[in-house]
Amino acid sequence: MQRTLLVILAVGLVAAGCRQPKESPAAAAPEKQAGARFVKVEKGRFVLDGKPYYFVGANFWQGMNLGVDGPSGDRDRLLRELDRMRGLGLINLRVMASSEGPNSEPYRTVPALMTSPGEYDGSVLDGLDFLLAEMGKRGLRAVMVLNNFWQWSGGMAQYVSWHEKTPIPYPGDYETFIDYSAKFYGYEECQDWFRDHIAMLVNRTNPYTGVKYKDDPAVFSWELGNEPRRYPQSWIDDTSAYIHSVDPNHMVTTGSEGAPPGEPTQDFVKTHSAVGVDYVTIHIWPQNWGWYDPKRPATYKAAEPLAIAYFEKHAKDASSMGKPLVLEEFGLARDWLPLKNNLDPASPTTNKDLYYAMLYKQVMDSVASGGPAMGDNFWAWAGEARPGLSWVGDPPHEPAGWYSVYDADASTLAIITAHAKEMAGRMK
């Protein structure tokens, strides 16, 4: 996700020192792990043990960092958040399995996982191990995001900066930043570093489970990157094929938004028709795309049909490719209160709730008609965090709470729970 704001916030966390992962005395034996099977695609459907597989989930990109056993993380809170989400009926979490340093850069998730090419902060890697182990115990599966077109986790721009030894032109002038980040695709050295990162992860043995990532059913899929833009098709083809060559067990997807307004058209069908891409992803952001203004709540009425049309167009494209579709990012701000900051956790969620219910209906209508939609992940879970605390659901360059879902958002949680129950009923 990436959004333009006048107000930019940075996370000021203390970077943990590098150390080796340690064994957990409570590590579950591999055969005891929940959900010890892999989800696959067969005849255009997610399947598990030959039966259709549907899911409702959340974006929980911060899970790896919360899992750090040190001052920048909070393992007790991580366990509480996983339990809360599982209690809502969520079974899929989209998480960052990458972040690139150095930790001195602005607008970043810190500490970073990769501090320089091929060099890792062991405490953050241990946080990812711990996250996956605890997800596996609860029957949760992870979409593992391997890169990021945007700067908030380092991502492609950081790879370019390492290669060129040039400073990143941070967003403000978005075209300048986008052109800089997109250089990533053309540098062979960047691609080598990226593939080394992929190989490290898929072949890594989790010390908490004794299972290699490539053999772990807690991994739902590998994702090429968060919202990759302006890529050559060869990058999609070659990278997805490479991942399958080193990990034949798990699915691969793109992390694509689809065809967002204002962005030069990328061939959505061609992108997802790649042999190595197992399923289709889309994101829908009415405020970011200029359809909705929370300061003028009446604009929601016009935004809703635009969101529906966007979903339907991409669902039609997914059907033409014979691949499942996942709505893996969507969100709306809390209600604007003239005398309060609209991000105040006490602000109502009137339009946000309407938006969630509307998109969940689109997904369920597709499911009921045999369409391609088989899963969704709202953006984003904050749980017990609140503005002023670390690791809310909004990345560090954004005001805390913008699109967050809190554990006290009763009406929103009720909508999520009802949808999860309805979706789970499709697997019985």
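Just one residue in the set Trp193, Trp222, Trp235 is hydrophobic (A, V, I, L, M, F, W, C) and within 30 Å of Met358 (Cα to Cα); that residue is Trp222. Tell me which residues, restricted to the stretch 347-356, are surrounded by fewer than 17 Cβ atoms within 10 Å (Cβ to Cβ) and in a helix (DSSP H, G or I). Scanning the stretch 347-356 gives Thr350, Leu354.
What do you reckon, is Lys295 in a loop (DSSP other than H, G, I, E, B), at negative phi and not acidic (Asp, Glu)? First the steps, then the outcome.
Details: in a loop (DSSP other than H, G, I, E, B): yes; at negative phi: yes; not acidic (Asp, Glu): yes.
Yes: the conditions hold for Lys295.
Of the helices (runs of 4 or more DSSP H) lying entirely inside the stretch 85-203, those containing at least 1 residues that are in contact with a Cys (Cβ under 9 Å, 6 or more places away or on another chain) and either at pLDDT 95 or above or of a type outside the set (S, T, N, Q) (or both) are 122-137, 155-164.
Scanning the stretch 241-262 for residues that are in a loop (DSSP other than H, G, I, E, B) and touching an Asp or Glu at 6+ places or on another chain (Cβ under 8 Å) yields a count of 5. A single entry from Ala333, Ala302 fulfils the requirement of being surrounded by 22 or more Cβ atoms within 10 Å (Cβ to Cβ) and of a type outside the set (S, T, N, Q): Ala333.
The residue that is surrounded by the most Cβ atoms within 10 Å (Cβ to Cβ), counting only those in the stretch 377-399 that are closer than 16 Å to Asn342 by Cβ and touching a Leu at 6+ places or on another chain (Cβ under 7 Å), is Glu398.
Anything in the stretch 369-384 that is in a loop (DSSP other than H, G, I, E, B) and either among the hydroxyl-bearing types (Ser, Thr, Tyr) or touching a residue at least 60 places away in the same chain (Cβ under 8 Å) (or both)? List them, or say none. Residues satisfying the conditions are Ser369, Pro372, Trp379, Ala380, Glu384. All conditions but one from (1) in contact with a helix residue (DSSP H, G or I) (Cβ under 7 Å, 6 or more places away or on another chain); (2) over 24 Å from Leu131 (Cβ atoms) apply to Tyr213; the one that does not is (2).
Conditions (1) in a helix (DSSP H, G or I); (2) in contact with a His (Cβ under 9 Å, 6 or more places away or on another chain); (3) modelled with pLDDT under 95, marked per residue:
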| site | (1), (2), (3) |
| --- | --- |
| Phe311 | yes, no, no |
| Lys323 | no, yes, no |
| Pro345 | no, no, yes |
| Ser390 | no, no, yes |
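Listed by first and then second residue, the pairs linking a residue in the stretch 389-401 that is under 15 Å from Pro345 (Cβ atoms) to a residue that is acidic (Asp, Glu) and buried (at least 24 other Cβ atoms within 10 Å of the Cβ), with Cβ atoms under 8 Å apart and 6 or more places separating them unless they lie on different chains, are Ala400/Asp394; Gly401/Asp394. Pairing each residue of the stretch 194-220 that is over 19 Å from Leu93 (Cα atoms) with any residue that is of a type in the set (Ser, Thr, Tyr) and buried (at least 21 other Cβ atoms within 10 Å of the Cβ), provided the two are 6+ apart or on different chains, yields C-beta distances under 6 Å for Arg204/Tyr213.
Give me the residue from the stretch 221-240 that is in contact (Cβ under 8 Å) with a residue 60 or more places away in the chain and among the polar types (S, T, N, Q) and, out of that set, nearest to Glu329 (Cα to Cα).
As a first pass, look at the stretch 221-240 and keep what is in contact (Cβ under 8 Å) with a residue 60 or more places away in the chain: 221-229.
If we keep only those that are among the polar types (S, T, N, Q) too, we end up with 221, 226.
Numbers: Ser221: 16, Asn226: 10 Å.
So, considering only residues that are in contact (Cβ under 8 Å) with a residue 60 or more places away in the chain and among the polar types (S, T, N, Q), the one nearest to Glu329 (Cα to Cα) is Asn226.
Cβ-Cβ contacts under 6 Å between residues 6 or more apart (or on different chains), taken from a first residue in the stretch 334-349 that is within 16 Å of Asp293 (Cβ to Cβ) to a second residue that is of a type in the set (D, E, K, R) and part of a loop (DSSP other than H, G, I, E, B), are listed as Trp336/Lys295; Asn342/Arg334; Ser347/Arg334; Ser347/Asp335.
Residue-by-condition table, conditions (1) surrounded by fewer than 19 Cβ atoms within 10 Å (Cβ to Cβ); (2) modelled with pLDDT of 95 or more; (3) touching a Lys or Arg at 6+ places or on another chain (Cβ under 6 Å):
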residue	(1), (2), (3)
Val7	yes, no, no
Ala10	yes, no, no
Val39	no, yes, no
Arg45	yes, yes, no
Asp74	no, yes, no
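Take Gly276 and tell me if it is within 21 Å of Asn377 (Cβ to Cβ), in a loop (DSSP other than H, G, I, E, B), without any contact (Cβ under 8 Å) to a residue 60 or more places away in the chain and of a type outside the set (A, V, I, L, M). So Gly276 does not fit the description; no.
Which count do you get for residues in the stretch 374-393 that are of a type in the set (D, E, K, R) and touching a Ser or Thr at 6+ places or on another chain (Cβ under 6 Å)? Show your work before the answer.
Applying the first criterion (of a type in the set (D, E, K, R)) to the stretch 374-393 yields 376, 384, 386.
If we keep only those that are touching a Ser or Thr at 6+ places or on another chain (Cβ under 6 Å) too, we end up with none.
Counting residues in the stretch 374-393 that are of a type in the set (D, E, K, R) and touching a Ser or Thr at 6+ places or on another chain (Cβ under 6 Å) gives 0.
Go through (1) without any contact (Cβ under 8 Å) to a residue 40 or more places away in the chain; (2) of a type in the set (A, V, I, L, M); (3) closer than 13 Å to Ala58 by Cβ one by one and return the number of the condition Val405 breaks. Unmet for Val405, out of (1) without any contact (Cβ under 8 Å) to a residue 40 or more places away in the chain; (2) of a type in the set (A, V, I, L, M); (3) closer than 13 Å to Ala58 by Cβ: (1).
The values are calculated or read from the model by the stated rules, or taken from the named source; none is laboratory data. Note that this is a predicted model, so its numbers are computed, not measured. Neighbour counts run over all protein chains shown; Cβ positions are idealised from the backbone, glycine included.
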